[in-house]
Amino acid sequence: MNSALTPQVAAPGIVLGASAAVRQVAGLFRPAAPSVITRRFGGRPPPRRDAAEAQVDITRQSLRVALDWQMEAVRVWREHPLFGAGFKETMAKIGLERRSLVLFRTDAGPLRFAYIGETQRRFFGDAWADANIGKPQADSGYDAMAKALNAQYMEAILGGEPVHNHVVMRGLPGAPITYTHTLIGWNLGDRQVVVAMVAY
């Protein structure tokens, strides 16, 4: 099992709280620049649909079918048993920082968005991404998708091994929407991080 995130300390004996911890994780990554690539919904987030209307189908796949750059992220994860500046710097050096989606939780709280990279910004838009930094993933406005993905994120965190899935979303404009993601996680008791490498 992969090792985990080291608790962040603001001063001797003072452990940062959840909101500060999220800011520290986000601070490891530079804000993604606005994308010049045409977005699926014209730079606006897809209209929200009720959870009852949406459907998310997730199929587990072997890492053998992951894209080369998704496997490169797995390699970096294996080289960095602690989530921190070393992981971030390596990801930035090989060009994968901008493709990352980073979520963080403390004290059994909800997973929160710490960093939203170019892949999600191209799809959902910069306004949606900027508005959701630091907020719970479950409150992102896409109930069925959030619930289905949360289970996968937690598996990557608690299972100690990368997770690779093929995902199909129905019930949104332009559906079905298909993509793959490779999830890598770190777990240290009350502090947990998951990084998603998503390919639309």
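What follows is calculated from the coordinates using simple rules that are stated; it is not laboratory data. All figures in this text were calculated on a predicted structure; none of them were measured in a lab. Note that each Cβ is placed from the backbone with ideal geometry, even for glycine, and that neighbours are counted across all protein chains shown.
Placing pseudo-labels 7 Å out from each Cα toward the beta carbon at Asp190 and Arg64 gives an inter-label distance of 4.3 nm.
Taking label points 7 Å from Cα along the Cα-to-Cβ direction, Leu82 and Asp107 give a separation of 2.3 nm.
Segment Ala92..Ala199, full-extension length gain: 36.8 nm, with 0.36 nm per residue of separation and the alpha-carbon distance subtracted. Cross-link partners of Lys135 among aspartates and glutamates, defined as those whose alpha carbon lies under 13 angstrom from its own and excluding same-chain residues fewer than eight positions apart, are absent. The listed peptides 121-131, 60-70, ordered by packing as a protection proxy, come out as 121-131, 60-70 (highest mean of other Cβ atoms within 10 Å first).
Each of Glu79, Glu89, Glu72, Glu97 was scored by other Cβ atoms within 10 Å of its Cβ. Listed from fewest to most, they are Glu79, Glu89, Glu72, Glu97.
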